[in-house]
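The structure appears right after this line, and notes come after that.
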Amino acid sequence: MKKLLIAALSLTIMTVTLPLQAAPTSDKSLYERLGGVFAIAAVVDHFSDAVVQNPIVGKTSRNPALREWHTKNLDRLPGLKFMRTLWVCEVAGGPFKFSPTKPGKTQLGLENAHRDLRISPQEFDEVAAELGRSLDFAKVPAREKEEVLAAFAAHKNEVTAGYKTK
C-alpha cells in the first residue's frame, strides 16, 4: 500500500509540474511562423503604403530626398514592395532570395540603395516604428514582431550610411 501511495503521489507531482515547464521551442523558421510569402507580402504592402503617408519619412518629409521619392517615384512602389517582400522572406529564413538592384557590402546590404536618400537615424527609427504598426495591424504575435524588428534594426547603419550631420 505504501509503494502504491508513493507511486500515485509521484505521478500526481509529475502531472502537476509538467505544464509549468517551458514549452519546447518551435523548430519552424520565422518565415513559417509569419505565415509565408503571402502573409509577409500583405504586411509589406501595408507598411509601404503607410511609409508614403508618414509625415516624418513620407511625401511631406522634411528630408528633401525622401519627400521627392514619395511624390515623384511612386510608379516604382510596386517593384519596391516586391523587393521588400523578397528581402523579408530571405531574412526570415524563407526559400526566396533577395538580389539588390544596387548591391551593398553584403548580400543583404542596403547601404547603396539608400545612400542618396540621406536617411537620418531618427528617420530610420520612424520607419521601424511604422513597420511595428504594420505588424500590429496584421496581428503578428509579439515574438515574431520582435524578431522582424530586430532583423530590420540590424541594418540601421547601412540604411543611414548616406546621412551627414549638419
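Where a number appears in this text, it was derived from the coordinates with a stated rule and is not lab data. Everything quoted here is computed from the prediction, not taken from an experiment. Counting neighbours? That spans all protein chains shown, and the Cβs are built from the backbone with ideal geometry, glycine included.
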- Query: Relative contact order (percent) for the range 30-159, with alpha-carbon contacts under 8 angstrom and 6 or more residues of separation?
  - Reply: 27 percent
- Per-residue HN-Hα couplings for the range 150-159 [Karplus 6.51, -1.76, 1.60; θ = phi - 60°; Hz; x = Gly/Pro]: 5, 5, 5, 4, 4, 10, 4, 4, 5, 5
- Each residue of the range 115-132 in order: what ³J(HN,Hα) in whole Hz does its phi give by Karplus 6.51 cos²θ - 1.76 cosθ + 1.60, θ = phi - 60°, with x for Gly and Pro? 3, 5, 7, 6, 6, 7, x, 5, 5, 4, 4, 5, 5, 4, 5, 5, 4, x
- Sorted by Cβ neighbour density within 10 Å, fewest at the top, the residues Thr160, Thr101: Thr101, Thr160
- Listing Tyr31, Tyr163 from the residue with the fewest other Cβ atoms within 10 Å to the one with the most, what is the order? Tyr163, Tyr31
- Query: Using only the Cα atoms, what convex hull volume per residue in Å³ does the range 30-159 have?
  - Reply: 94 Å³
